[in-house]
Each structure stands twice: as structure tokens, then as C-alpha cells.
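Remarks on the structure that follows.
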């Protein structure tokens, strides 16, 4: 989502940007949008550790055949591998951390951490969405590294300004009545997003507020498992699965509350978006404090019961949703500010490369 926000705002008369994405990702229909910006799309093999040599062979060949000034790596678990070949090919290399954890079982997490910890060696520039994420990837040394930059997970704030007419349309299109409480979630169906616990929370919400529905926007390999669990709990008919949506801003306007029980996040851009839309947020306390920009945010421990989460959700105060957009617009998370920073850094990198 962050990369899409950048592409939707950057000046393409100054930059040519191509996208490489791992082949296991559900692009959710965004490829045509990327191509409309003039981006070429490349698919690389998902790094499974056991395919180490295949993975390395792909990137060695890729950077022999494709010439770039800058390679901006967002997949930092394997960036120490592919950025090595980018650097050998004469590219300026950038590692960009968006997370504070690693996916997979304990062994997979340790191996990914091993590779990720080496990224600082091959990356000329170190980026992170927050200081918390930077500390996780680069260690304390990031504080004194001369080319470290915090790149906030900024958004197009104006797109999230609450409009009742849009909220009503989305609710009508999804069969949500005016007197129903609409809980929501936006994110990939992956382990860190903790969808199973989300279902447990929503089941408790239904006990207190039977006229409730849950909308889960996104795609991912775990979606069938989440759907199966919802059916076994008898709440499947109360849940809407619209898949990947290109109007998340409108869904946030329609929601009464965003429920976000992530195991970990580098920042949590959906929370920022919710605040810009004036939507209440109930989320885990594992998410960095950087996102706490308004009083819409309510934190809970993942050790608390689903009922305790549901108590907060069902007793939300009524707020003036329009007022919150201005608060986000005046912060560093406004995409206009972020684009100026990224553009100036890209041009600095290009100048340094020519020297």
C-alpha cells in the first residue's frame, strides 16, 4: 500500500520506476494500475531458504540483464541477498524496513533474521517506517548511520476525509443496515495480522451487539483457513470478504470501528488511514506508538480476553469524524511531505552515483 501511495503521487517526468514482486503475492488486480504509470513488472521466486541457490541465480541474471541507477528494496528479509548483486552491478542500494518481526515458525524466523541482519552491509541507504522498525533491522547503530532516514508511512490524507454519503453507499452495497455495528479489518491474510483472534473478538461482539457485521478487506494464503474457522464458529454469514479493494478509504468511512489485533507491525498504515477517516480503532499494544496521533486509538494486550476487546468495541463514544482529518493532514504522515523527501533522496542518490 505504501508503494502504491508513492506511485500515485510521484512525478514520473523525473523518474522511471519498475516493480519486482515475489511470485507468491496476490497482486489483487493492481498490475494494470502499475502499468498505467509506465512501470514494468517482474516476478521473482519467493525466498523459501531451501531455494537459496535458485534465488541467487535469478538475481545474478536479473541485474546482468537490467540496468538501474537505484534499487529500493522493501523485502528486507532477503535484501542482503538481492542487493548484493544490485551493488555489484553499480546500483545505489536502499533497504527499507516496514516491519518489526519475521513470519514463519521459530526456525524460519531465526534464518530470516540471520539474512536480514546482514542488510546493512550491502545497503548504501537505510530507510525504515519508524525508529522501532529501524532498531529491529539495523540495531542501535542506525542512530549514528549518516544515511539513515525515517520514511513515514504517509497517505493521501484528502482521500480519507469522512463523507457520510460515501459511507452510506458502501454500507448499502454490502447490505449493512443503519442500526448495525460495522467492525472492519484491512490487511493481508497472513499470520502477523492475527485473523483467528479477530474472529474470537467478533464472536464476543455479537454476544453484546447481535446487530453487527465484520468486513475483512484483503487477500492472502490464509483466507481459506479464516473462512473455514468462521463457518465452524457459526459466524460466517456475519462476515463480508470483499477481497483486495482499491477504495479502502471508502470502506473505512463505512466502518464504525477498525479492529487490528496484529502480532507485530512496523507501523500500521491502516490505523493511520482510519484516523484520517475519523474511524475508531481498537488494536494490539504490539504496534509502535508512532501511530497514536489521535484519541481514536484504543490499545489492548493480546493477552487480554476477546471479551475485553469486545467491551471496548461495543462502548465506543460518538465523535465528530470530520475533525480528525485535519490533524493527520498537519502531521508528517501527509503524502505530499513524504513524496518531497523521497524524490529529493532519489535525486541525491543519482548525483552521488555519477561522481
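Read-outs throughout are calculated quantities, based only on the coordinates presented, and are distinct from any laboratory measurement. Computed from a prediction, not measured in an experiment: that's the story for all the values here. Neighbour counts are summed over all protein chains in view; Cβ atoms, including those assigned to glycine, are modelled from backbone coordinates with ideal geometry.
Here are some notes:
- Modelled spin-label separation between residue 354 and residue 4, with each label point placed 7 Å from Cα along the Cα-to-Cβ direction: 3.5 nm.
- Length-normalised contact order of region 131-216 in % [C-alpha pairs under 8 Å, at least 6 apart]: 28
- Contact order, relative form, for region 157-329: 28 percent (alpha carbon pairs under 8 Å, 6 or more residues apart, mean separation divided by residue count).
- Space enclosed by the convex hull of the alpha-carbon atoms of region 250-313, per residue, Å³: 75
- P(r) of region 201-261 over all Cα-Cα pairs, binned every 10 Å from zero, in whole percent: 19, 53, 27, 0
- Maximal additional length on extending the residue 165-residue 24 stretch stands at 47.0 nm, based on 0.36 nm per residue less the C-alpha distance.
- Ranked 91, 183, criterion: other C-beta atoms within 10 Å, fewest first: 91, 183
- Cα shape, region 294-355, gyration tensor, a/c 1.5 rule: oblate
- Taking 4, 206 and counting other C-beta atoms within 10 Å, the order from fewest to most: 4, 206
- When each of 176, 201 is scored by the number of other beta-carbon atoms lying within 10 Å, the sequence from fewest to most is 176, 201.
- Extension gain, residue 54 to residue 231, is 59.8 nm, computed as 0.36 nm per intervening residue step minus the present C-alpha separation.
- Centre separation in Å (Cα based) which lies between region 50-82 and region 308-355: 30
- Across the chain, the mean sequence separation of Cα contacts (distance under 8 Å, 6 or more residues apart), normalised by length, yields a relative contact order of 17 percent.
- Helical mean residue ellipticity (222 nm; -39500 (n - 2.57) per DSSP H run of 4+; nearest 500) of the chain: -11500 deg cm²/dmol
- The alpha carbons of region 157-329 give a radius of gyration and a Dmax of 14.6, 43 Å, in that order.
- Additional length obtainable on full extension of the chain from residue 41 to residue 320, 0.36 nm per residue less Cα span: 96.2 nm
- Share of Cα-Cα pairs in the chain lying beyond 36 Å, as whole percent: 22
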